[in-house]
Amino acid sequence: MKPIRVIDLLRSQETGKPAEVKGWVRTKRGNKQIAFIAVNDGSIIHSIQVVAEVAKFDEELMKQISTGSCVHVKGILVPSQGSGQAVEIQATEIILLGGADESFPLQKKGHSLEFLREIAHLRPRTNTFGAILRMRHHMAFAVHKYFNDLGFFYLHSPVITGSDAEGAGEMFQVTTLDLKNPPRTEEGEINFKEDFFGKATNLTVSGQLEGELAAMALGNVYTFGPTFRAENSNTPRHLAEFWMIEPEMAFYDIQDNMDLAEDFLKYLIQYALDHCKDDLEFLNNLYDKELIGRLQFVVSNPFERLSYTKAVDILVNSGKKFEFPVKWGTDLQKEHENYLVEHFKRPVILTDYPKEIKAFYMKQNEDGKTVRAMDVLFPWIGEIIGGSQREENYEKLMARITEMHIPEKDLWWYLDTRKYGACEHSGFGLGFERLMLFVTGMTNIRDVIPFPRTPKNADF
């Protein structure tokens, strides 16, 4: 018979029948007469207990079965005699598929998250990271399901790009030139015309601009892929490689955009509550006692909506001494965002930011000072979504590009969409890892991605 997943065995009501399982040994305990072996195959956070009468098995085999080893167990599924699970396997045959020597670093003891980052190739075998990776799968699936059910089309935006969507620099360069002896122009500059693409190219920081192009033909689209930023930051909130979800919608104004963002976040969080119960309970009990309650609160309450100007008034009049002083025209820091969330006791959506602190593509308001931007602020996370109504007016967009000294030659194709059938449209970006921080209760973004890429760290 074929092996059965642990999740299916633990949910089975059919005891007294043959059962097989393949997986990795989490723990082994017992005495000279009987051994209790916890086997986990990653399908669920719980392990299934295998009970083996020692005398029935080879002595050397039983010595080799240790934490970290891989086994194939055959036996009978029986009601469990202990607490914690309904069934267990009474072993009749155990095959050692792969041993693990005493150097295996994940023994039955507590390990710090910092230590586990150093062995990211093995940390998926821990309960914590098994839970996080399963939840990451469920959240990714929920993203696609949400947009598919609403009639959005999934767009594969390019990873290699010749433009900087945010105009902020800090991009990873892509080149095939000989770095020891690159070709030079007559002026002594590197001659990128000799490069693979005939121009300077980088890893993308966003799929938004390409998403806008597709929205002008398909209506509603979304991108979901890896993005990159060469920012020399070692904070718990930054990665050099991360995943972004970026919907772009034709005929949406800023209000439509806010409605979609709020509904989207609530859908994802409810999906986690509905489909990740065991993993959430584990993370709630071990790391963050308020996790599940916080998720339920966000789903159950409307987000507060107010303008940047009103938010600054609240901050200025709060009497609180912030590390970063705030006044109209300054970009809000995480401490300001957290204060606003605490002030309203719910997520907050801020709108109408000063145009000087926002990207060139955001639609300008009639006051000439602000743009139709929106940021969604969450507890602890701060900004989890950033978006805007996009500027569809060619002249206004061109003026902003000129003001910000963005080379027009790099965005000619983007400007074309404003010349050929432009329409009102909006979009936003959700950092997938920031979502994962919120739904798992983790406090360091390096712990919600399988293999974190940070300054001086590109192992595994």
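The values are calculated or read from the model by the stated rules, or taken from the named source; none is laboratory data. Nothing here was measured: the structure is a model prediction, and the numbers come from that model. Note that each Cβ is placed from the backbone with ideal geometry, even for glycine, and that neighbours are counted across all protein chains shown. Note: accessible area is taken over every heavy atom of the protein model, side chains too, but ligands, DNA and RNA are not part of it. Shrake-Rupley method; radii C 1.70, N 1.55, O 1.52, S 1.80 Å.
Would you be able to say whether some residue in the range 35-51 is farther than 13 Å from residue 73 by Cβ, over 30 Å from the mean Cα position of the chain (by Cα) and in contact (Cβ under 8 Å) with a residue 12 or more places away in the chain?
No, the range 35-51 contains no residue that is farther than 13 Å from residue 73 by Cβ, over 30 Å from the mean Cα position of the chain (by Cα) and in contact (Cβ under 8 Å) with a residue 12 or more places away in the chain.
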**Request:** Name the one entry in 210, 246, 231, 187 that is touching a residue at least 24 places away in the same chain (Cβ under 8 Å) and part of a loop (DSSP other than H, G, I, E, B).
**Result:** 231
**Item:** Flag for residue 264 being touching a Lys or Arg at 6+ places or on another chain (Cβ under 9 Å) and either free of Cβ contacts under 8 Å to residues at least 12 places away in the same chain or not small (Gly, Ala, Ser) (or both)
**Value:** no
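Of everything in the range 425-444, what is assigned to a strand (DSSP E or B) and among the β-branched types (Val, Ile, Thr)? Give them in sequence order. Spell out how you get there, then give the answer.
Let us first name the residues in the range 425-444 that are assigned to a strand (DSSP E or B), namely 425-431.
Correct list: empty.
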**Message:** Condition first: among the hydrophobic types (A, V, I, L, M, F, W, C) and in contact with a His (Cβ under 6 Å, 6 or more places away or on another chain). Now tell me which residues in the range 260-307 satisfy that.
**Reply:** 276
**Request:** Those residues that are within 16 Å of residue 26 (Cβ to Cβ) and open to solvent by 30 Å² or more (accessible area, probe 1.4 Å), I need them from the range 67-103; list them, please.
**Result:** 82, 84, 85, 96, 97, 99
**Request:** Any residue in the range 360-377 that's in contact (Cβ under 8 Å) with a residue 60 or more places away in the chain and open to solvent by less than 20 Å² (accessible area, probe 1.4 Å): show its pairings with residues that are part of a loop (DSSP other than H, G, I, E, B) and of a type outside the set (D, E, K, R) at Cβ separation under 8 Å, as long as the two are six or more apart or on different chains.
**Result:** 360/167; 360/404; 360/406; 376/303; 376/347
**Request:** Return the only residue of 286, 218 being in contact (Cβ under 8 Å) with a residue 60 or more places away in the chain, open to solvent by 60 Å² or more (accessible area, probe 1.4 Å) and more than 24 Å from the chain's Cα centre (by Cα).
**Result:** 218
**Request:** Restricting attention to the range 168-199, report how many residues are surrounded by fewer than 11 Cβ atoms within 10 Å (Cβ to Cβ) and among the hydrophobic types (A, V, I, L, M, F, W, C).
**Result:** 1
**Request:** For residue 84, state whether it is of a type outside the set (A, V, I, L, M) and in contact (Cβ under 8 Å) with a residue 40 or more places away in the chain.
**Result:** no
**Item:** When residues of the range 1-34 are limited to those that are assigned to a loop (DSSP other than H, G, I, E, B) and basic (Lys, Arg), the one farthest from residue 96 (Cα to Cα)
**Value:** 11
**Message:** When the residues of the range 120-167 are narrowed to those that are assigned to a loop (DSSP other than H, G, I, E, B) and in contact with a Ser or Thr (Cβ under 8 Å, 6 or more places away or on another chain), which ends up most open to solvent (accessible area, probe 1.4 Å)?
**Reply:** 156
**Item:** the range 231-258: number of residues that are modelled with pLDDT of 95 or more and more than 16 Å from the chain's Cα centre (by Cα)
**Value:** 11
**Item:** One residue from 308, 271 being in contact with an Asp or Glu (Cβ under 9 Å, 6 or more places away or on another chain), open to solvent by less than 30 Å² (accessible area, probe 1.4 Å) and among the aromatic types (Phe, Trp, Tyr)
**Value:** 308
**Prompt:** Could you list, in sequence order, the residues of the range 29-45 that are within 14 Å of residue 89 (Cα to Cα) and not aromatic (Phe, Trp, Tyr)?
**Reply:** 34, 35, 37, 38, 39, 40
**Request:** All but one of (1) open to solvent by less than 60 Å² (accessible area, probe 1.4 Å); (2) aromatic (Phe, Trp, Tyr); (3) closer than 22 Å to residue 129 by Cβ hold for residue 115, so report the exception by its number.
**Result:** (1)
**Message:** For the list (1) part of a strand (DSSP E or B); (2) open to solvent by less than 20 Å² (accessible area, probe 1.4 Å), I need the number of the one condition that residue 202 fails.
**Reply:** (2)
**Asked** Looking at the range 35-43, is at least one residue touching a Gly at 6+ places or on another chain (Cβ under 8 Å), assigned to a loop (DSSP other than H, G, I, E, B) and under 27 Å from residue 122 (Cβ atoms)?
**Response** yes
**Request:** Inspect the range 386-399 for any residue being touching an Asp or Glu at 6+ places or on another chain (Cβ under 7 Å) and either basic (Lys, Arg) or part of a loop (DSSP other than H, G, I, E, B) (or both) and give the result as yes or no.
**Result:** yes
**Request:** Would you mind stating whether residue 302 is open to solvent by 40 Å² or more (accessible area, probe 1.4 Å), assigned to a loop (DSSP other than H, G, I, E, B), closer than 22 Å to residue 333 by Cα and in contact (Cβ under 8 Å) with a residue 24 or more places away in the chain?
**Result:** no
**Message:** Just the residues that are out of contact with any helix residue (DSSP H, G or I) (no Cβ under 9 Å at 6 or more places or on another chain), open to solvent by 30 Å² or more (accessible area, probe 1.4 Å) and among the aliphatic types (A, V, I, L, M), please, taken from the range 50-60.
**Reply:** 55
**Prompt:** Can you name the condition, by its number, that residue 321 falls short on among (1) assigned to a loop (DSSP other than H, G, I, E, B); (2) open to solvent by less than 50 Å² (accessible area, probe 1.4 Å); (3) not acidic (Asp, Glu)?
**Reply:** (2)
**Residue list for the range 330-353, filter: outside any helix (DSSP H, G or I) and open to solvent by 30 Å² or more (accessible area, probe 1.4 Å)** = 330, 331, 333, 345, 346, 352
